[in-house]
1. Under a crude label model (7 Å from the Cα following the beta-carbon direction), how far is residue 218 from residue 323 in nanometres?
2. Simple spin-label model, 7 Å along Cα-to-Cβ: residue 243 to residue 156 in nm?
3. Mind ranking 348-354, 206-212, 359-365 by how tightly packed they are, going by the mean number of other C-beta atoms within 10 angstrom, highest first?
4. Based on Cα coordinates alone, diagonalise the gyration tensor for the range 73-460, multiply each eigenvalue by 5, take square roots, and list the semi-axes in whole Å, largest first.
5. Please compute the contact order of the range 73-460 in relative form: average sequence separation of alpha-carbon pairs under 8 Å and at least six residues apart, divided by the residue count, as a percent.
6. Packing-wise, with mean Cβ within 10 Å as the measure, how do 377-386, 319-328, 230-239, 113-122 rank, highest first?
7. Using the scaling law 2.2 N^0.38 Å as the reference, what is the normalised Cα Rg of the range 288-436?
């Protein structure tokens, strides 16, 4: 059995109008005015797209709402979100896939340069970028990412290359910070409900993992292009992010060409910014249930990716350096397939168990260490098992990411401003976890390689 309900915004407007009318009239006049308002509200309900309450108790769009979405290009809007996620993260993933070429045996250093500026922008962004319109932020993101690819392409030494990686990290962090806040703004204003923007953004960022890794593999291993040529080929891609935002996302999310400022639609929000006390209190309340699981799952995940993939390849291939180096980007690609699966899963299933998934990722870290240090199994079956391991690792990491964003948005469904702020800073969890993984990986990978090859041989390894 289904129950038809009017949209919340119209219900609030009708209720507010009734209260105002009742307070201004006497008893007799109030009765007549209330009748008129009731007639008006009834007509408004008949004209309003309906939401159908499904058996699980969640709001689902009715036929009228679905038709309205299609008329307004709603599905193109979701494609726009996916494209923005794809183009935001592709340079980031491309640099990680190229980590062993940029600085063999020091991929943890590449990871730190690819993450630290992103963490910095998320730390200060809530304070200094809170009132900055969305469009300039996204334009800056696209320009910085494109410039970073050019900088790495023309770098003459590792320091210059890592500087370009750091600029790309700044762009990626600014993009994620901005789009997650924008998703919070749109949270209550689309009939698709909480999951639509997060699911589309998650699918795009998950696909970026495959796109970035494939660009590197096809360019360097199939087409035999140099690292410089590969970066130059990818350089125009970030600029398309702003095009996707301007033509597909902004018309629905921000009302076309009007300013990005608050439109004040939420009855509980006024035009004043959130106070410092409210921001700190919100950050404290979301740390354990949301930021904590993200920190743990990404610390374990990126420690595996950056410190263990090359040693796992050496173990699986009996110490064959060439085959291990060839396996490294393929493991990255396989891992990103798992990320894509889980980050797209929000369209179909919600899994609120954030801490259990994070603890399973920590168990993956322990299993990888055991294989490298103790078991040291090799052979074709071990190679296959390593690829399965990479998929499972990606599924857990991506699953925690999208479900954390969705659950946080649901928990703050009463306030758009709190949603925007909380979703813009929750990324501190995954970014901090990745940064800590980079600090660990910068020496752990060398230690693991040395345990199999000797210190001198591991330092001379070139992939």
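Throughout, read-outs are computed from the coordinates displayed, never taken from laboratory work. These figures come from a predicted structure and were not determined experimentally. Neighbour counts are summed over all protein chains in view; Cβ atoms, including those assigned to glycine, are modelled from backbone coordinates with ideal geometry.
1. The answer from the label model is 2.8 nm.
2. Roughly 3.4 nm, to one decimal.
3. Values: 348-354: 13.4, 206-212: 24.6, 359-365: 18.3.
By packing density, highest mean first, the sequence is 206-212, 359-365, 348-354.
4. Numbers: eigenvalues 254, 100, 65 Å².
Semi-axes (√(5λ), whole Å): 36, 22, 18.
5. Values: 659 pairs, mean separation 110.1, N = 388.
It comes to 28 percent, rounded to a whole number.
6. Working: 377-386: 14.0, 319-328: 17.0, 230-239: 19.4, 113-122: 22.8.
Taking the mean over residues of other Cβ atoms within 10 Å, the ranking is 113-122, 230-239, 319-328, 377-386.
7. On the way: Rg = 16.9 Å, N = 149, 2.2 N^0.38 = 14.7 Å.
Normalised Rg, Cα atoms only: 1.15.
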